[in-house]
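S.K.: I have a structure I would like to understand better, so I am pasting it below and will then ask my questions one at a time.
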Ligand SMILES: CC(C)(COP(=O)(O)OP(=O)(O)OC[C@H]1O[C@@H](n2cnc3c(N)ncnc32)[C@H](O)[C@@H]1OP(=O)(O)O)[C@@H](O)C(=O)NCCC(=O)NCCS
């Protein structure tokens, strides 16, 4: 946690998760309506603080093992509240592809927080450098697809690889991002 970079935007601070965030992590991840968009079936909402602390440790270990990747808490500067997460992670079952992801507490949607936070991680990804970044979602996840569209990611349509079943797939390359 100590060496994970923090970032600032106009309204937000992006920082590593801490154990003290566990109650908020649990509040977000114990919700079926959040986890149903994240989990491969079966949907498994978090049950207790121990699981929330473990979630923080897993992301910390992932960043330590590969500093290109990680999860950042999106903190609203005006309230100090953790609104949710932006993350960079491996695309499962791919040969080293990287995806960006996000989730918000329902009390923090509709404010443009992810649209403001995600460009920081895309810029970070391209600095490391990565040639391209994907975003993958269930095909009926309209709010997530709209984030990708607002970010100017290219819509590659529906794919049937990497995850079981169909996924909606967006991607941006370094060149597209640089000249957006
Ligand atoms: C996907 C998810 C993060 C999108 O949340 P979101 O609030 O729609 O996204 P943003 O934070 O970018 O906010 C955009 C919304 O804020 C509004 N908004 C308000 N102020 C804004 C601003 N300054 N800038 C941009 N948008 C703003 C936009 O109009 C938009 O609302 P609308 O969709 O009603 O038009 C959220 O629905 C979520 O957490 N879902 C559950 C988990 C999930 O699906 N994760 C993705 C898995 S692939």
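S.K.: Please go through region 97-139 and give me each residue that is part of a loop (DSSP other than H, G, I, E, B) and within 10 Å of the ligand (Cβ to nearest atom), ordered by number.
M.R.: Taking region 97-139 and keeping what is part of a loop (DSSP other than H, G, I, E, B), we get 97, 105, 109-112, 128-131, 138-139.
Hits for region 97-139 are 105, 109, 110, 111, 112, 138.
S.K.: Of (1) on the phi < 0 side of the Ramachandran plot; (2) more than 16 Å from the ligand (Cβ to nearest atom), residue 12 satisfies all except one. Which?
M.R.: Result: residue 12 passes all but (2).
S.K.: Only one of these conditions is not met by residue 107: (1) surrounded by 15 or more Cβ atoms within 10 Å (Cβ to Cβ); (2) closer than 23 Å to residue 15 by Cβ. Which number is it?
M.R.: Residue 107 satisfies every listed condition except (1).
S.K.: Which number in (1) surrounded by fewer than 18 Cβ atoms within 10 Å (Cβ to Cβ); (2) under 16 Å from residue 37 (Cα atoms); (3) modelled with pLDDT of 95 or more marks the one condition that residue 169 misses?
M.R.: (1)
S.K.: Might you let me know whether region 33-42 holds any residue that is more than 16 Å from the ligand (Cβ to nearest atom), surrounded by fewer than 17 Cβ atoms within 10 Å (Cβ to Cβ) and over 24 Å from residue 141 (Cβ atoms)? Walk me through how you get there before you give the answer.
M.R.: The initial filter retains those residues of region 33-42 that are more than 16 Å from the ligand (Cβ to nearest atom), namely 42.
Still in the running and surrounded by fewer than 17 Cβ atoms within 10 Å (Cβ to Cβ): 42.
After this cut, where a residue has to be over 24 Å from residue 141 (Cβ atoms) as well, the list is none.
No, every residue in region 33-42 fails to be more than 16 Å from the ligand (Cβ to nearest atom), surrounded by fewer than 17 Cβ atoms within 10 Å (Cβ to Cβ) and over 24 Å from residue 141 (Cβ atoms).
S.K.: Also, quick follow-up: Going by the structure shown, is residue 74 without any contact (Cβ under 8 Å) to a residue 40 or more places away in the chain and part of a strand (DSSP E or B)?
M.R.: Working: without any contact (Cβ under 8 Å) to a residue 40 or more places away in the chain: no; part of a strand (DSSP E or B): yes.
No; evaluated as a whole, the condition is false for this residue.
S.K.: With the requirement that a residue be under 10 Å from the mean Cα position of the chain (by Cα) and on the phi > 0 side of the Ramachandran plot, what does region 55-95 give you?
M.R.: Selection gives 70, 84.
S.K.: Being over 22 Å from residue 42 (Cα atoms) and in contact with a strand residue (DSSP E or B) (Cβ under 8 Å, 6 or more places away or on another chain) narrows it down to one of 151, 136, so name that one.
M.R.: After ruling out the rest, the residue left standing is 151.
S.K.: Only residues that are more than 14 Å from the ligand (Cβ to nearest atom) and surrounded by 14 or more Cβ atoms within 10 Å (Cβ to Cβ): list them for region 67-80, please.
M.R.: Narrowing region 67-80 to residues more than 14 Å from the ligand (Cβ to nearest atom): 67-70, 79-80.
Scanning region 67-80 gives 68, 69, 70.
S.K.: Taking region 83-96, which residues are assigned to a strand (DSSP E or B) and closer than 13 Å to residue 136 by Cα?
M.R.: We begin by selecting, within region 83-96, every residue assigned to a strand (DSSP E or B); these are 83-90.
Selection gives 87, 88, 89, 90.
The values are calculated or read from the model by the stated rules, or taken from the named source; none is laboratory data. Because the structure is a prediction, the values reported are computed rather than measured. FYI the Cβ positions are ideal-geometry reconstructions off the backbone, even for glycines, and counts take in every protein chain you see.
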